[in-house]
Amino acid sequence: MPQPTVPQPGAVQGHDVSIALLKANDWAARAVREQMARHGVLMLNITSSAGSGKTLLLERTVAALKDEFRICVLEGDLETERDAERIRRHGVQAVQITTGTTCHLEAPMILQALERVDVSQLDLLIVENVGNLVCPAGYDLGEQSRVTLLAVTEGDDKPRKYPRMFLSTDLVVLSKADLLPHVPFSVDAAIADVHAVKATLPVQVVSAHTGEGMAPWLAWLRDQRANARAGTAAVQLPARATSAAPALPAVPLAH
Ligand SMILES: Nc1nc2c(ncn2[C@@H]2O[C@H](COP(=O)(O)OP(=O)(O)OP(=O)(O)O)[C@@H](O)[C@H]2O)c(=O)[nH]1
Ligand SMILES: [Mg+2]
């Protein structure tokens, strides 16, 4: 039915502006990406549900790599400087972006935060997105690679329930692996669910708490950094083999 051109008395006429907003976001994301490419900086966008262990993984990561790479972390949260403070304790620059009521970061926010950062002096820019598996999926921030954490405490059935996030990511980290003996979580089932969404997606099992899986995670990061420096497209790790993984994506997505 066609929309009335004059709003009816008492009615609020809603217009779907999401396409225009996403176009504006993509324009800003391109500007961010060009800035990173100009200086050979690897930019990562870390996503997950709230509390999956993004900041602890980043703390361990910056502690391991800060003498090797010049690192800056942008922290996205609705409120507080807490996560930025956790990163700064390791002697690494961190800028907090507080979004208020917005459940994701957008590329113009990254451009704003970068006004406080000398990108020409960086090797690695890591963005921690706002914690949820829904809204951040739709917003390109200009990153080279996206990494999505799924904590073993969240359940192994989440990838197909939140397919857009898992479709758009480049690496899945199964986090809090030290808790596996205590929770009903099957790593094989989780990997099968990931591969039902995106058959080629690599999965890394990590515990930032014990250090399990940190070495391959850091090796993946170094590979990505080498690619950024060489100005090449990201090379994907081979998907972790699992007998339960179906060969093709099986989740229909509505666009
Ligand atoms: N056992 C265990 N606990 C972890 C691990 N990683 C993080 N945690 C704990 O999980 C809680 C949340 O960790 P954060 O690093 O703050 O998680 P986050 O994803 O950054 O949270 P938000 O920024 O709020 O979305 C903290 O109590 C951490 O100590 C892990 O590998 N093992
Ligand atoms: Mg955090």
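The values are calculated or read from the model by the stated rules, or taken from the named source; none is laboratory data. Quantities reported herein were computed from a predicted structural model and do not represent experimental measurements. Don't worry about glycine lacking a Cβ; one is built from the backbone with ideal geometry, like all the others, and counts go over all protein chains shown.
Only one residue in Val127, Val152 is under 20 Å from Ala63 (Cα atoms) and in contact (Cβ under 8 Å) with a residue 24 or more places away in the chain, so which one is that?
Details: Val152 fails: under 20 Å from Ala63 (Cα atoms).
That would be Val127, the only listed residue that is under 20 Å from Ala63 (Cα atoms) and in contact (Cβ under 8 Å) with a residue 24 or more places away in the chain.
Name the residue that is surrounded by the most Cβ atoms within 10 Å (Cβ to Cβ), counting only residues in region 157-192 that are of a type in the set (D, E, K, R) and under 17 Å from Val134 (Cα atoms).
Here the answer is Asp170.
Which condition number in (1) modelled with pLDDT of 95 or more; (2) surrounded by 15 or more Cβ atoms within 10 Å (Cβ to Cβ); (3) outside any helix (DSSP H, G or I); (4) not small (Gly, Ala, Ser) is the one that Arg240 fails?
Tallying (1) modelled with pLDDT of 95 or more; (2) surrounded by 15 or more Cβ atoms within 10 Å (Cβ to Cβ); (3) outside any helix (DSSP H, G or I); (4) not small (Gly, Ala, Ser), Arg240 fails exactly one: (1).
When you look at Val197, is it buried (at least 24 other Cβ atoms within 10 Å of the Cβ), in contact with a Leu (Cβ under 6 Å, 6 or more places away or on another chain) and on the phi < 0 side of the Ramachandran plot, yes or no?
In short, no.
How many residues are touching a Phe, Trp or Tyr at 6+ places or on another chain (Cβ under 8 Å) and in a helix (DSSP H, G or I) if we restrict to region 198-229?
1
Could you grab the pairs with beta carbons closer than 6 Å, sequence gap of 6+ or different chains, first residue in region 17-28 and under 12 Å from Pro108 (Cα atoms), second one at pLDDT 95 or above and small (Gly, Ala, Ser)?
Asn25/Ala107; Ala28/Ala107
Which residues, counting only those in region 45-61, are more than 9 Å from ligand 2 (Cβ to nearest atom) and more than 17 Å from Gly213 (Cβ to Cβ)?
Asn45, Thr47, Ser49
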